[in-house]
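Since every read-out is calculated from the coordinates, none of them should be taken as a lab result. The structure presented is a predicted model; accordingly, all values stated were derived computationally and were not measured. Neighbour counts are summed over all protein chains in view; Cβ atoms, including those assigned to glycine, are modelled from backbone coordinates with ideal geometry.
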Amino acid sequence: MTKIFKLIILFFSIVSVNSVYAANWCKVVYNKQMSEGQLQTHLSKCKNSDNFFLAVHTSYQNAGHLLNSLIAENCDLRREIVSTRPRQGDPYFTAVCEFRRHNIR
């Protein structure tokens, strides 16, 4: 009986059981045709999302700084943030992160 109990404990210590939850994604693409009000409307729709994808077009003179400020405002900075710079043929700065929960205290 003790051997079976030890095997069960060994099995559960080797195999960790993780819960998997579905996540909601929110996508915001800030391009030349979008106004500031439209950007805020898209961002307000993201409040119920878990993850956040953001793209800023390079037609803005300060697109990199704009991306960084939107990351600081909307992303959970305690989690991993993946960002890219524009490549040949891809005119967007992009970032993927976990959306920050805005809790009123």
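Rounded to the nearest Å, what's the spacing between the alpha carbon centres of the stretch 64-105 and the stretch 24-54? Just the number, please.
11
When you count, for each residue, the other Cβ atoms within 10 Å and take the mean per peptide, how do 32-40, 72-80, 92-100, 46-54 rank with the highest first?
On the way: 32-40: 10.3, 72-80: 12.7, 92-100: 19.2, 46-54: 17.1.
Order by mean packing, descending: 92-100, 46-54, 72-80, 32-40.
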